[in-house]
1. Scan segment 81-89 and give yes if some residue there is surrounded by fewer than 18 Cβ atoms within 10 Å (Cβ to Cβ) and either closer than 18 Å to PHE23 by Cα or in contact with an Asp or Glu (Cβ under 7 Å, 6 or more places away or on another chain) (or both), otherwise no.
2. When you scan segment 1-52, how many residues do you find that are touching a Leu at 6+ places or on another chain (Cβ under 6 Å) and in a helix (DSSP H, G or I)?
3. Here are some residues: ILE95, ILE50. Which one is touching a strand residue (DSSP E or B) at 6+ places or on another chain (Cβ under 6 Å), among the β-branched types (Val, Ile, Thr) and free of Cβ contacts under 8 Å to residues at least 60 places away in the same chain?
4. When you check ARG202 against the structure, is it farther than 25 Å from ALA107 by Cα, without any contact (Cβ under 8 Å) to a residue 12 or more places away in the chain and not hydrophobic (A, V, I, L, M, F, W, C), yes or no?
5. Suppose we filter SER230, SER182, SER235 for residues that are closer than 24 Å to GLU152 by Cα, within 18 Å of the chain's Cα centre (by Cα) and among the hydroxyl-bearing types (Ser, Thr, Tyr); which single one remains?
6. For the list (1) in a loop (DSSP other than H, G, I, E, B); (2) of a type outside the set (Ser, Thr, Tyr); (3) within 29 Å of GLU44 (Cα to Cα), I need the number of the one condition that GLY256 fails.
7. For ASP109, only one of the following conditions fails: (1) over 30 Å from ARG258 (Cα atoms); (2) without any contact (Cβ under 8 Å) to a residue 40 or more places away in the chain; (3) among the charged types (D, E, K, R); (4) in contact with a helix residue (DSSP H, G or I) (Cβ under 8 Å, 6 or more places away or on another chain). What is its number?
8. Out of the residues in segment 253-280 that are polar (S, T, N, Q) and touching a strand residue (DSSP E or B) at 6+ places or on another chain (Cβ under 7 Å), state the one that is farthest from ARG175 (Cα to Cα).
Amino acid sequence: MSLLREAEPTDAKMCGTVCFDAFKAIHGQHNLPPDFPSADMLVELLAGLISHRGVYSVVAEQDGVILGSNFLDSRNWVAGVGPITVDPTVQSGSIGRRLMLDVLRQASDRGKVGVRLLVAAFHNRAFCLGSKLGFQCREPIIKLGGDCLNVEVPGYIVRPASVEDIYACHALCVRAHGYDRSPELSDAIALGTARVVEHRRRLVAYASDVGVFGHTVAENNDGLQALVGSAERFSGAGFLLPARNHEMLFWCLARGLRVLYQMNLMTIGSYIEPTGSYLPSAWY
């Protein structure tokens, strides 16, 4: 049986390769291009997660070979799981289940009030595993992709976020979700990816990043459109949108963006039905 242990920086290359192979295999089964064009991109991403003090990283190892990995973003009161991947040559074992149970124990030990998981709708095995472990499916999420739009929304000014904006962003997030994500936003401000939107001299929207690896909260769809329209790139080759937001979906499709595939948001523990307009990240 494989051994579970906390990941180390030197594991990033092997974890990234396994992650790339796993995503490529499941996407290939459904005639979809992989989310990442090369393993090197995933190695870089996972190296960042492994070294981040707010992220718990675990690997499954056997005879010195890493067979799978999982991650828990524990920066906020609600934790996010993923990416969880297992070497496609050993998918029939119990590695995925053990990796999930391990991060759920970590979330409990760290006092998290809830845990979120996004699963590709075509990945039946992952959906069933999440359901068996107690995750409840909450809503469909669409991944959109395409060329950046270079579109402005009249009256809505987009600018880089600063530490002085955190309190206003905190208030927006609490109104939308019932909790804030200030630690995550602080990291994004330090990285230079965070943006805010002002309308009539008032902050009405923010994004830690416009893309799969960032979350966005806005008072209404005008704020979302301003952020998406001004984005110079979409991290993770796209961004996520709740399928129920038809107005925003129509706006995106009318400007040439396309639906890549659908995901499901699953939760354990505290869950407050979101209000307002928002874009989730790959963690939630």
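Bear in mind these aren't lab numbers, they're just calculated from the coordinates by the rules spelled out. Here the structure is a predicted model, which is why all the values come from computation and not from measurement. Cβ: placed from backbone, ideal geometry, glycine included. Neighbour counts: every protein chain shown.
1. Filtering segment 81-89 down to residues surrounded by fewer than 18 Cβ atoms within 10 Å (Cβ to Cβ) leaves 88-89.
Keeping just the survivors that are either closer than 18 Å to PHE23 by Cα or in contact with an Asp or Glu (Cβ under 7 Å, 6 or more places away or on another chain) (or both) gives 88-89.
Yes, the conditions are met somewhere in segment 81-89.
2. Step one: list which residues in segment 1-52 are touching a Leu at 6+ places or on another chain (Cβ under 6 Å), which gives 2, 12, 15-16, 19-20, 36.
Pick out the ones that are also in a helix (DSSP H, G or I) and you get 12, 15-16, 19-20.
Summing the residues that are touching a Leu at 6+ places or on another chain (Cβ under 6 Å) and in a helix (DSSP H, G or I) in segment 1-52 gives 5.
3. Values: ILE95 fails: free of Cβ contacts under 8 Å to residues at least 60 places away in the same chain.
Going through ILE95, ILE50 in turn, the sole match is ILE50.
4. Values: farther than 25 Å from ALA107 by Cα: yes; without any contact (Cβ under 8 Å) to a residue 12 or more places away in the chain: yes; not hydrophobic (A, V, I, L, M, F, W, C): yes.
It is true that ARG202 is farther than 25 Å from ALA107 by Cα, without any contact (Cβ under 8 Å) to a residue 12 or more places away in the chain and not hydrophobic (A, V, I, L, M, F, W, C).
5. Numbers: SER230 fails: within 18 Å of the chain's Cα centre (by Cα); SER182 fails: closer than 24 Å to GLU152 by Cα.
One residue alone meets the criteria, SER235.
6. (3)
7. Failed condition: (4).
8. Initially, segment 253-280 is screened for residues polar (S, T, N, Q), giving 262, 264, 267, 270, 275, 277.
Still in the list and also touching a strand residue (DSSP E or B) at 6+ places or on another chain (Cβ under 7 Å): 262, 264, 267, 270, 277.
Values: GLN262: 26, ASN264: 23, THR267: 19, SER270: 16, SER277: 11 Å.
Taking the candidates together, the pick is GLN262.
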